[in-house]
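Notes follow once the structure below has been shown.
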Amino acid sequence: MNTHTRVHAGIPTGGQFAASARSEAEVSLDCDPSAGPGVSGPASMLVVEHTDRGQIVRYPEPLPDEDIFTAPTGDIRDFDPAEQQRLMGMLAGSGSRTQGDPFIGSKYSPQSRSAAEIAKAVRADFKAAQSLRAIPPSIKIRVTSSTFAGGQSVDVHVENIPERDLTAFHDDRGYVREGPTQEANDLRSVLDRVHQAYQRDGSDTMSDHWDVTYYGSVTFHGERRRDHDALEKASKAATNPHTHGAYVRAIQVYRQRDDARDQRRRAAQELLEDHMKTYG
């Protein structure tokens, strides 16, 4: 049954239905950028820490886990130090390029192996290390392989590193330097040791000579990269009328989260600059 109020006959403008009051929609697109999902709170949360490497500004606690796009971020501090030390010793390798000797990984074999085979073995090593908590179990590790003219590559991607561990601000001999926390750098060293276990590297960078079993690196992806990837995924589904609204919402939240991250970074940088001026 149609309950719309119609315009009286003889009125030439305004359409056939008269204006009427409507209730508010249950869904709201308004969002406070400073308190959006997965972003930081006020700048008062920031603290200055004094370490043997100088001063560093960061958030003392993890940022909120809520994330409309992806799973919660991993905790890079959740590991067993004894197991991690044992893993590092077991995968030490031998040789040093700086002394003119090729680096030989602890699991290197002279038998030819494809990038896909090496990537499969590295994946298994990461899984075993995480089960022993030598590597934080909550971080998401992806290993990819590729071949190309003149070589092959095995790359390691960590896709849920907390942003607070990637964008800390350091007092570098009187200058403000942005970079990862020491914990993030330590984790990268452990992952790199696992990644390089099947490597033989006799390269000479001074003469631009490269002699490796495989190329590749360890890359950390924070919240910004994950949000961007999720937005790209939403855009591919936007051609469907049923998913277009979700795409519009994803754009709005992505921009708000990105603005909030920039505000957080500026606040941290300003706090460290003020602290350096005050205390030298």
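Quick note: the coordinates plus some simple rules give every number you see, no bench work behind them. Source: prediction; values computed, not measured. Here the Cβ is made from the backbone with ideal geometry for all residues, glycine too, and neighbour counts use every protein chain on show.
Work out how much length SER217 to HIS157 would gain on full extension: take 0.36 nm times their residue separation and subtract the Cα-Cα distance, in nm to one decimal.
20.8 nm
Calculate the FRET efficiency for ARG86 and THR278 from the Cβ-Cβ distance with a Förster distance of 45 Å, rounded to the nearest 0.05. The partial results should precede the final answer.
Values: r = 44 Å, r/R0 = 0.97.
The value I calculate is 0.55.
Stretch GLU232-GLU270 to full length: gain in nm at 0.36 nm per residue minus the Cα-Cα span?
10.4 nm
Which far-off residues, 5 or more places away or on another chain, put their amide H under 5 Å from the one on THR219, with H placed in the peptide plane?
The list, which skips near neighbours in sequence, is VAL156, HIS157, VAL158.
Which distance in nm do the two modelled labels at HIS209 and ALA116 give, with both placed 7 Å along the Cα-to-Cβ direction?
Result: 3.3 nm between the two label points.
For region 265-278, just list the computed ³J(HN,Hα) in residue order, Karplus coefficients 6.51, -1.76 and 1.60, θ = phi - 60°, integers in Hz, with x standing in for Gly and Pro.
5, 5, 4, 5, 5, 5, 5, 5, 4, 5, 5, 5, 5, 6
Taking amide hydrogens as modeled 1.01 Å from N in the peptide plane, which residues meet the under 5 Å criterion relative to SER138, leaving out close sequence neighbours?
ASP75
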